[in-house]
Structure formats: C-alpha cells, structure tokens
Ligand SMILES: Cc1ncc(COP(=O)(O)O)c(C=O)c1O
C-alpha cells in the first residue's frame, strides 16, 4: 500500500500506545483532558430540546450554512461580546470542534516545508495537525508567566524563512496549567506586530477560572489593542460537552472568507442539531449558571489534588498550582523518564500522560501531566500515592 507522508504522525501513535496500556476496569485516570462524565447538564438539555417546536427540530436534521446556524451565530456573538471579544470587526465561523478551526487555519496558511512556531510544551492535538501538514515546527519554551519572549525573538531572527504563524494556548495551558500574565500577553503581541507574524490564540479554557478576582487574567489577545493579526479559536468541549463537536474561530474578514471556503470542502457544515441545542443553552442563560457550577466542581478537584500532591510527592518534584482549567504539570528530576513511571503505575491501574507527548520533538520526558477534570474525587489520594511511590523508588 502506498500511504501518503501525512500518515506518519508520531504524536498520534504515542497517544494510541498510552491508551493500549490502560487495560484495567478500575482505572484511576489522570490521563484524558476531558470534562467530567458526571457533570454534564443532561437534564437541562432534555428540557430545552423538548420545548423546541417541530420546525426547529426538523432544521436540526438538515444541512445548514457553512458559517453556522444563523440564530446560533447571533447568540454566540452576543456571548463573546460580553467577554470583550471583537465580534464587530471580526467574523465568526462555527467549526466542528476547535481542532477543526486549528486545522483550517493550518491548511489556509502553510505549505509542506513551511516554518511555524509553537510553545514547548504544546497541546498534542495541535501538534498532530501540524505534523500531518508536514510543517517545520520550531518550539519556544515557556515559564510560569507564558512564552519566553527572548527565546521567541532569538528563534524568529534565526530562521531564514518567516514563520507562517505562532500557535499558543495562553489561558490555563494544556498541558502546563499556567495562565499568561497580562504583561506577557502584551509583550508577545508587540513582538508579533514587529515581525508581522500571525498569532493563533487557542482559548478552550478561559471560562474555567477558579477565583472571580483572577478573571481579569483571562483577557484575550485578540481583544487587546495591537497591530498584530490574531485568529482566535474557542470551543464548547470543556464548558458543555465534546460530544457536541462545537468550536469556532474569530478572524478578520479576509481570513474568515478563505476559512469558510476550506470548511466547505471539509464537511460542508457543522451539525445543525448540536448548534440548535447549544443555542438554547446559551440563550436561556443556562450556560452562565452551568459555568458557576463547573468552576466550583473543578476547583474542588484541583484543591484535593493539590493537597495530596503536597502530602505525598517527594521534594524533588515541583509544580505550579493552577488558577483554572484542567491540568497540573509536574516537573520530575531530569534523570527520570515519565514514560517509564507510567509503565509502573499503569500496572496498578493509575494513568497519566508523560511529558514527551507534548514536546513537538517527542523528546523531553521529565514532566507528568495530571488532568483532575474527570477523575473520581475519592480516587485522587490513591492515584497520587501510586505515582509518588513510583517516583520515590526511582529517586
Ligand atoms: C488547548 C486545546 N485546544 C483545543 C482542544 C480541542 O477542542 P475541541 O474538542 O473543540 O476540538 C483541546 C482539547 O483538549 C485543548 O486542550
């Protein structure tokens, strides 16, 4: 069989290999970056669906406009406007998950062999997309306040061909759990403006802050005044359910128009059915109520995880306590490979994702990503103990 070069994604294979380790039935999983099964607003959605008239329900079964189901586009615009996003100057494209938005922008801007920039570590879903488009990924380290500006400038100046874009996850980073400081966001925009490089701002988690008085930190770069061009992507996956496959991109009209053409060729339109449900969920005010509930629930899980990490982890293991989102990113001593630790803990039915999965070069393996979002509260202590014991043995 003569497969194309696109099938050789190392990162997709890595994820499959890790999942193959997860065989037990009583798994304690800190692995999947997914929302909690028990927290979905099933009853609320039931009520909203049953209240729809037959005509609207029938629209749900039909194809719709490529840009999105118009009433939903209107509702989402109002929602995003309240968050301060520039919906009057930019255009909104509904996508089949925000992964599709990232895929569309990649297809729109890169040819095989082009340079792009991304953080190290980065969201593995985006890395897998970039791999299939055969781009040259140049990665820039981050610290607890965001991408390291000096390293970014160094990299840009080093490259012969200007990178097509920089991809970042500034709010409650996946996997690093950090949020960029406002100073870092502004400094980043300045650099991108100077070198005229497009920014893809992936913002799947900003609604999931833990403290109201830290909400200001989630200000998006697309809404900040700057001369840099930004494409913003968002998602309903973490705030309603990934089964809806609903995401969006917000871009200037020129970028939007080409994105719409690409989407047309990919899948014609995103499901009307889930757009109708999400429209009702947002319009009725249920989303706002649900977010208050989710923030409390995820904070509760984070607090218990933090408490147990402090109790059980050896002093050589360090991490930043997250202020929102789904993830804690543990730094383990350099001589220990997280992939080896996983092999040990998997035998005791405890799963996490090792650092190398999030390294665009698949090398750096001295980190452990713990997702507290979909683990049972009563399992957190046991899970942490198993991982801590495996680490202590190596140390
Ligand atoms: C940073 C980030 N972006 C995007 C996504 C993908 O979201 P979607 O389900 O909307 O494709 C995820 C999901 O894990 C994510 O962590």
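No lab work stands behind these numbers, since they all come straight from the coordinates. Everything quoted here is computed from the prediction, not taken from an experiment.
Structural remarks
- Listed residues 285, 324, 74, most fluctuating in the chain (Gaussian network, C-alpha, under 10 Å): 285
- The mean sequence distance of close C-alpha pairs (under 8 Å, at least 6 residues apart), as a share of the length of the chain, puts its relative contact order at 26 percent.
- Percent of beta bridges antiparallel (DSSP, the range 178-253, rounded to nearest 5): 50
- Percent antiparallel among DSSP beta bridges (both partners in the chain, rounded to 5): 55
- Cα gyration tensor shape for the range 306-361, rounded if a/c is under 1.5, else prolate or oblate: rounded
- For the pair residue 315 and residue 289, the difference between a 0.36 nm per residue extended length and the Cα-Cα distance amounts to 5.4 nm.
- Helical contribution to [θ] at 222 nm, DSSP H n ≥ 4, -39,500 (n - 2.57), averaged over the chain, rounded to 500: -13500 deg cm²/dmol
- One decimal place: the segment residue 3-residue 363 gains 127.0 nm when fully extended, by the rule 0.36 nm per residue minus the C-alpha distance.
- Most mobile of 248, 329, 319 in a GNM of the chain (Cα contacts under 10 Å): 319
- Taking max minus min of the alpha-carbon positions on each principal axis, the chain gives extents of 61, 55, 55 Å, largest first.
- Between 236, 281, 293, the Gaussian network model of the chain with springs among Cα atoms under 10 angstrom shows the greatest mean-square fluctuation at 293.
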